[in-house]
1. Of the numbered conditions (1) among the charged types (D, E, K, R); (2) open to solvent by 20 Å² or more (accessible area, probe 1.4 Å); (3) at pLDDT below 90, Arg158 satisfies every one except a single condition; which is it?
2. Going through region 114-128 one residue at a time, which ones are modelled with pLDDT under 85, in contact with an Asp or Glu (Cβ under 8 Å, 6 or more places away or on another chain) and more than 16 Å from Leu56 (Cα to Cα)?
3. Keeping to region 405-427, report how many residues are open to solvent by less than 70 Å² (accessible area, probe 1.4 Å) and either at pLDDT 95 or above or in a strand (DSSP E or B) (or both).
4. When region 165-189 is examined, which residues are found to be in a loop (DSSP other than H, G, I, E, B), touching a Phe, Trp or Tyr at 6+ places or on another chain (Cβ under 8 Å) and crowded, with 24+ Cβ neighbours inside 10 Å?
5. Quickly run through region 94-112 and pick out the residues that are of a type outside the set (Lys, Arg), in contact with a strand residue (DSSP E or B) (Cβ under 6 Å, 6 or more places away or on another chain) and either buried (at least 17 other Cβ atoms within 10 Å of the Cβ) or at pLDDT 85 or above (or both).
6. Which of the residues belonging to region 11-63 are farther than 20 Å from Val93 by Cβ, surrounded by 15 or more Cβ atoms within 10 Å (Cβ to Cβ) and modelled with pLDDT under 70?
7. Quickly run through region 347-361 and pick out the residues that are surrounded by fewer than 18 Cβ atoms within 10 Å (Cβ to Cβ) and under 21 Å from the mean Cα position of the chain (by Cα).
8. Which is in a strand (DSSP E or B), of a type in the set (Val, Ile, Thr) and closer than 30 Å to Leu133 by Cα, of Ile662, Ile699, Ile706?
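The values are calculated or read from the model by the stated rules, or taken from the named source; none is laboratory data. Every value quoted in this text rests on a predicted model; they were computed, and no experiment measured them. Note that each Cβ is placed from the backbone with ideal geometry, even for glycine, and that neighbours are counted across all protein chains shown. For accessibility, only protein heavy atoms count, side chains too; no ligands or nucleic acids. Shrake-Rupley method; radii C 1.70, N 1.55, O 1.52, S 1.80 Å.
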Amino acid sequence: MKRKKLNQLKFLFLGFILFSSFAILAQDTATIYGKVTNSENEPLPDISVSILGLSLPPVYTDQKGEYTYSIPANQELTIVFYSLSHKQEQRKVRLAPGERLELSRALTFKNIIKEVVVSDGNRFLEVTRIDPLHITHIPTASQDFNAILFTLPGVSSRNELSSSYSVRGGNFDENLVYVNGIEVYRPFLVRSGQQEGLSFVNPDLVSSVLFSAGGFEAKYGDKMSSVLDVQYRRPRKFGGTVSGSLLGTNVHLEGSSKNYRLSWIIGARYKTNQYLLNGLDTKGQYKPFFGDVQSYITYDLNPRWELDFLGNYASNKYEIIPENRETDFGTLNQALRLKIYFDGREVDQYTTMMGALSANYHDRSDKLNLRFIGSAFQSKESEAFDIQGQYFIDELETDFGKPTFGDIVANRGIGTFLNHARTNLQANVLSAEHKGTYTVSGKQLLWGAKYSNEMITDKLSEWKYIDSAGFSLPITDPQQIILQDVIKQKINISSNRVSGFVQGVWRKEMKDSSLVSLVGGIRANYWDLNDQALVGPRATIGLKPHWKKDFLFKFSSGYYYQSPFYRELRDAKGVINYNIKAQTSIHFVLSSDYNFKSWKRPFKFIAEAYYKYLDNLIPYEVDNVRIRYSAKNNARGYATGIDLKVNGEFVKGLESWASISIMETREDIKDDFYYDYFNSDGEKIEPGITFNNIATDSIRHEPGYIPRPTDQRVNFGLFFQDNMPGLPDLKMHLNLLFGSGVPFGPPNSQRYKQTLKMPPYRRVDIGFSYQALREDRKVKAQNPGRFLKSVWISLEVFNLLGTSNTVSYIWVEDVTNRQYAVPNFLTQRQLNLRMIVKF
């Protein structure tokens, strides 16, 4: 009965959203036009002209700096003139139907250390805009674009070597990433952060970044946690960047034809984290190589049609010949040391290729925009290792008063393990997609449809062998060798996926000048592998009261279905469950933001409370960055929490922010239980029969809700910038992360037993940047350095406090089958030098 009522409410909700979405029938419009120049009255091309707080596509100035923009009539609107390299300008207008207004502006060059604008043109949506300029200067060991996300509320990362992140209790596979509207994929076989290489997004090519931690629009795809929406630049003139550090080199070039019909931007990256890996407990010969090349090319066929191409080729190779490892662990009263001597080698290779070609149509009035996209993605991944380790577990002296303090006083166990793997995976995804928008009088209708063919081929051969004191573990027959965690599978999967959405945007100014916004839509998808069709509504309602103080309130809700891709289908033994269904997350997000000034400088405070009901969950375990699913829809759960963020000019001219998140996520696995056994005297005993101690009674226990692997109660992020008094070209950038412990447990144990807590993750990285050449300097015509825009020189200190953070555990056993959890520590304090040259 409840399900019937729920379905009735759901369809009423769908009808309401459809009615709102299609209520964009014609109303009268007005027109603004003009010319945008610089302070020297020279025309500025490629300046964005948009309406603050309204999801209406912006227009861009042409090569003469001119533009024409059709806007809603009879509404007070804020027109925003925006460019990465110039100060933002705003102007409020209110025009009658049919009225034309000339609105020209002279923009001044943006000195990065003089002004930061906190306002956000997507304020009525559940998204955060990130200034790409910050990505260049944030100090991080990964040197990765995603590092800027880790300081945002609701986002968690516990591994500086990885670009993976979890959002509001989700895992790494639950995040959508788009580049120019094209979905990009994570690698499949990566086990640890040091193998991961480069993430897809090249920060040198980025023009805009939007991020949503939940409650996002129907136009975005079918994942349960977050969306990262990145747009690459469309350059108007020749330029480039060359940067280098102890961790790698980046080069990018960009330009356009004289008539601006052809534009291109290309970037190449090389990364090696050998310098960082040499500081790990495991010593050996590390030979990592990560590189990629990306390009984005656009060509205007005529004023109405344009073509664009996005291409990427990435080759990542990780090779290690381990030699030895020494790790001290335990407590002050019981200090232990693990010593391992290795033989063997590991070689992992990941090669990915992606290409997307799209044709874009704009009608004469720019009301109708159509986009047709064809894309192809291929990933070839292999891992091969045979690693033998001879280990010693020793007890250390803990008495500070003895001269042998810290020395070995006893041996707890010795043994040998051998890990073997030969895995080869190839994934191919071919897609055809159409997207469209129709805009009239400030109202907008968006729609889209996508077809994908997915082909996966996977050959798995994995096993491990453990020997302790001359006995094969587990001990059953001393004459028999037993291999553990054996996986031998050949997998071939081909499937088809269809998805689509319809979304409407509506905004109205009330009589009291308050603004009301509704963004509502429906998303549907079908996957022929499990023959499941899904339909889910999503909506965001926004209210900006006409108060003296600049507050805005939003409520978002929706159904977010995540159909399995490949990892979710495969269990720990490599067996595929073809009947697996989509996981479900229902979001409820209540948020507000407040723009204010303090010390005569702009600030923004954001507060969000959320609850996510989770159903049809597929339980999983996390080891470093590797996720191992159970391939069963046998759990339900929830995630709830509060996110707070304040950002602004704590130091004049430099934007900084701090965020804190408090979150709980738990799940109830439906078929997990255990028994307590009792003898005839009512005493609790171990399962089974012992001498004169027979189990005569038992009680069944169901664990109920247990913490999920991503249950991190507190998360704090800080990005702070400052400059040297009297020397504004010398700046400091501080990146601080704190995350409380997450659950873990012994391998191959039941999930309800995996409720131990890792130590908190604590990380402070600091960078000092000096701008040796400024972009706004005066240069003589004969100066050979006149082609250089700017030069930055940076000194970075990673892990400033020298904290030993734990990313995972290696489990070793002695002959009594006692297990020891030995922490795998991350990188220690290290220095990095970096130079960035722009021309």
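1. With respect to (1) among the charged types (D, E, K, R); (2) open to solvent by 20 Å² or more (accessible area, probe 1.4 Å); (3) at pLDDT below 90, Arg158 is out only on (3).
2. Correct list: Val116, Val118.
3. 14
4. Result: Arg168, single match.
5. Leu95, Glu99, Leu101, Glu102, Leu103, Ser104, Ala106, Leu107
6. Within region 11-63, Phe13, Leu14, Ile17, Leu18, Ser20, Ser21, Ile24 meet the criteria.
7. Within region 347-361, Thr351, Met353 qualify.
8. Ile662
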